[in-house]
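*Asks:* Have a look at this one before I ask anything.
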Amino acid sequence: MIKKIKNKIAILIILAFLPIYGCAEVIIGSAAAGTGVYTYFKGEVKRSYYKKSDQCVAASNQVLKELNVRTFEPIQETAKTILKAERTNKSIITVTITKQKLNLTEISIRSGVIGIWDKQLSELIHDSIAEKLQ
């Protein structure tokens, strides 16, 4: 019950800020089914997870390995980890994991090439990460 209320509040907050950001497209998954809320802006599909950042990094790495893509060395910053991978068609997948709070982490995924972003693949990767984090 509390999770449903939190999801509804998150949806209302996003909808309240849409007029400010005008060109942001919001993708709202079935909150009741627990798929979460995504935002799509400038080729990136973002979602926040109530998990520690190291758990999100591990889940993201595992999903990339399961996709059988060529991965590069992760880039570590203070509160951010960037994972990059290359698909067989030479398009790049970038997963940016940003620690927001102790148990709140934002994951941003961009896949495809400039101007032709693959939103469906990014959503699929998010769904796989969410599954690993359950």
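The values are calculated or read from the model by the stated rules, or taken from the named source; none is laboratory data. Please read all numbers here as calculations on a predicted model, not as lab measurements. So basically every Cβ, Gly included, is an ideal-geometry build from the backbone, and we count neighbours across all protein chains shown.
*Asks:* Go through the residues of region 43-62 one by one and say whether even a single one is assigned to a strand (DSSP E or B), more than 17 Å from residue 132 (Cβ to Cβ) and either at pLDDT below 90 or not charged (D, E, K, R) (or both).
*Replies:* Within region 43-62, not a single residue is assigned to a strand (DSSP E or B), more than 17 Å from residue 132 (Cβ to Cβ) and either at pLDDT below 90 or not charged (D, E, K, R) (or both).
*Asks:* Hey, another quick one. Test of understanding: among 87, 110, which residue is buried (at least 16 other Cβ atoms within 10 Å of the Cβ), modelled with pLDDT of 90 or more and in contact with an Asp or Glu (Cβ under 7 Å, 6 or more places away or on another chain)?
*Replies:* Only one candidate passes the filter, namely 110.
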